[in-house]
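Enquirer: Please see the structure below; I have some questions.
The values are calculated or read from the model by the stated rules, or taken from the named source; none is laboratory data. Just so it is clear, the structure is predicted and the values come from calculations on it, not from any experiment. For neighbour counting, all protein chains shown are included, and Cβ atoms are generated from backbone atoms with ideal geometry for every residue, glycine included. In case anyone asks, the SASA skips ligands and DNA or RNA and just uses the protein heavy atoms, side chains included. Shrake-Rupley method; radii C 1.70, N 1.55, O 1.52, S 1.80 Å.
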Amino acid sequence: MIIDSKVPWALVQPPPPNKPKHVTVGEFMGQNFGRITQITTDGVTVIETVKDTNGAWTDREIVKPVPRR
């Protein structure tokens, strides 16, 4: 996770065979139309649009945590 003083960005690892990618707030990621809304030292916050059990489209917030060593 890299946070620049002007523009926060993160390096994410998509599933193989894809290569790591630099992302910033506003970009899309994931299979559920996820839009990055925040990048912090704790992780990347993504709002995904998914169908609920009734078949209606709804937004859900997911935090992809930063791996700790």
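Enquirer: Which residues' amide hydrogens lie under 5 Å from the amide hydrogen of T40, considering only partners 5 or more residues apart or on another chain, with H built in the peptide plane?
Expert: Placed amide hydrogens put T45 under 5 Å from T40.
Enquirer: Moving on to the next point. Let's see if you can work this out: charge +1 on each Lys and Arg Cβ, -1 on each Asp and Glu Cβ, no other charges. What is the dipole magnitude of the chain about its Cα centre, in debye to the nearest 20?
Expert: 300 debye
Enquirer: Give me the net charge for the shell around K64: Cβ to Cβ below 14 angstrom, other residues only, Lys and Arg +1, Asp and Glu -1.
Expert: Working: positive: K21, R35, R60, R68; negative: E27, D42, E48, E61.
Its environment carries a net charge of 0.
Enquirer: Solvent-accessible area of V25, probe 1.4 Å, all protein chains present, reported in Å² to the nearest ten, please.
Expert: Number for this one is 70 Å².
Enquirer: If you don't mind, another one. What distance in nm separates the two pseudo spin-label positions at D59 and N18, each 7 Å out from Cα along the beta-carbon direction?
Expert: 2.2 nm
Enquirer: Report P(r) for region 17-69: all Cα-Cα distances, bin width 10 Å, range 0 to the bin holding the largest distance, values in whole percent.
Expert: Binned Cα distances yield the sequence 23, 47, 24, 6, 0.
Enquirer: Can you find, among T58, P16, G26, the residue sitting farthest towards the positive end of the charge dipole of the chain, where Lys and Arg contribute +1 and Asp and Glu -1 at Cβ?
Expert: The residue sitting most towards the positive pole is P16.
Enquirer: A further question follows. Taking the Cα of V7, stepping 7 Å toward and past its beta carbon, and measuring to each backbone N in region 20-39: which are under 16 Å?
Expert: Only 21-28, 36-39 fall inside the zone, counting backbone N under 16 Å.
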